[in-house]
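The values are calculated or read from the model by the stated rules, or taken from the named source; none is laboratory data. None of these values were measured; they are calculated from a predicted model. Positions of Cβ are backbone-derived with ideal geometry, glycine not excepted, and every protein chain shown enters the neighbour counts. Just so you know, the surface numbers come from the protein's heavy atoms only, side chains and all, with ligands and any DNA or RNA stripped out. Shrake-Rupley method; radii C 1.70, N 1.55, O 1.52, S 1.80 Å.
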Amino acid sequence: MAEVPDPALSAVEWEQSSRSRSLVYGWFSTLYAAEVSRPMLKAYLAGEAASLFDCLADAGMGADVGRLKIAIDALRDVPHAHLELAADFAQLFLLDAEAGALPYASAYDKEHLQLYGPAEARMRAFLVTELLVVRDEFKEPADHLAIYLSLMARFAEQDASTDNRPLAARNQADFLQQALLSWLPSFVSRNMQASPRFDFYPALAALLVGFVEHDARFVRELTE
């Protein structure tokens, strides 16, 4: 028997929430894919992310949003602030696995603690089944955090107009739980333990895990 879409969430509401969720996942993916550029930081300091932050705060992440806003504001009078953030990005995500917080699922696999481990192989195989490839200019393993977030942005956007919302929600919930939340909390903990000069990336990590956990509950509830 075909599943009946949840009457508590109309098709319009599902579409609107899906497109909004896609934008948020895309935003997070961009911030983990590369350093914050000078124009991007200037836009944040000018308050151009206010609507995004308001939406996240309204969803119950006010404390984490507040922390990130404080971290952004702390950069306002810092000379060459975008370069300082680039140094923090390198320290956390590109250099020392012990002192940083590598953004790869394989780095948090307790049974196979190595880069290009089973998690990376699984993601490469998954991308093949989805007929997707990582852009040539993104020279990172397939299990990079930015790729998981980009996939969620894609899923949310693609499923926005589906007729089978419960199935789409179940697939998204399973992906979040199995592919992302299985290691994201450990990644966030490493961000908190590291000591970058500025709080931008630890604050971003706290907001990310809060959003992903909230979103996983949201889509899971639509399958019940």
Item to check | Gln193 over 16 Å from the mean Cα position of the chain (by Cα) and within 19 Å of Ala87 (Cα to Cα) | outcome: yes
Item to check | Which listed residue is closer than 18 Å to Tyr25 by Cβ and at pLDDT below 95, from Ala179, Ala206, Ala216 | outcome: Ala179
Checklist entry - Just for the stretch 55-80: of the residues that are outside any helix (DSSP H, G or I) and not aliphatic (A, V, I, L, M), which one is least open to solvent (accessible area, probe 1.4 Å)? => result Pro79
Item to check | Qualifying position, being over 19 Å from Leu94 (Cα atoms), of a type outside the set (S, T, N, Q) and open to solvent by 20 Å² or more (accessible area, probe 1.4 Å), among Ala173, Ala153, Ala160, Ala179 | outcome: Ala179
Checklist entry - Residues Asp215, Asp174: which one is assigned to a helix (DSSP H, G or I) and free of Cβ contacts under 8 Å to residues at least 12 places away in the same chain? => result Asp174
Item to check | Test: Pro166 is in contact with an Asp or Glu (Cβ under 7 Å, 6 or more places away or on another chain) and either over 18 Å from Ala216 (Cα atoms) or not aliphatic (A, V, I, L, M) (or both) | outcome: yes
Item to check | Residues satisfying the stated conditions in the stretch 114-132, i.e. open to solvent by 100 Å² or more (accessible area, probe 1.4 Å) and either at pLDDT 90 or above or under 19 Å from the mean Cα position of the chain (by Cα) (or both) | outcome: Arg122, Arg124
Next on the checklist: Being open to solvent by 30 Å² or more (accessible area, probe 1.4 Å) and either more than 18 Å from the chain's Cα centre (by Cα) or among the charged types (D, E, K, R) (or both) is true for just one of Asp215, Asp143, Asp199. Which residue is that?
Outcome noted: Asp199
Checklist entry - Are any of the residues in the stretch 91-113 assigned to a loop (DSSP other than H, G, I, E, B), closer than 14 Å to Phe198 by Cα and modelled with pLDDT under 95? => result yes
Checklist outcome for this item: Expected single match for in a helix (DSSP H, G or I) and either open to solvent by 80 Å² or more (accessible area, probe 1.4 Å) or modelled with pLDDT under 95 (or both) among Leu31, Leu52, Leu83, Leu41 is Leu83
Item to check | Single condition Leu75 does not satisfy, out of (1) touching a residue at least 60 places away in the same chain (Cβ under 8 Å); (2) within 30 Å of Leu115 (Cβ to Cβ) | outcome: (2)
Checklist entry - How many residues does the stretch 86-98 contain that are touching a residue at least 60 places away in the same chain (Cβ under 8 Å), open to solvent by less than 50 Å² (accessible area, probe 1.4 Å) and out of contact with any Asp or Glu (no Cβ under 7 Å at 6 or more places or on another chain)? => result 3
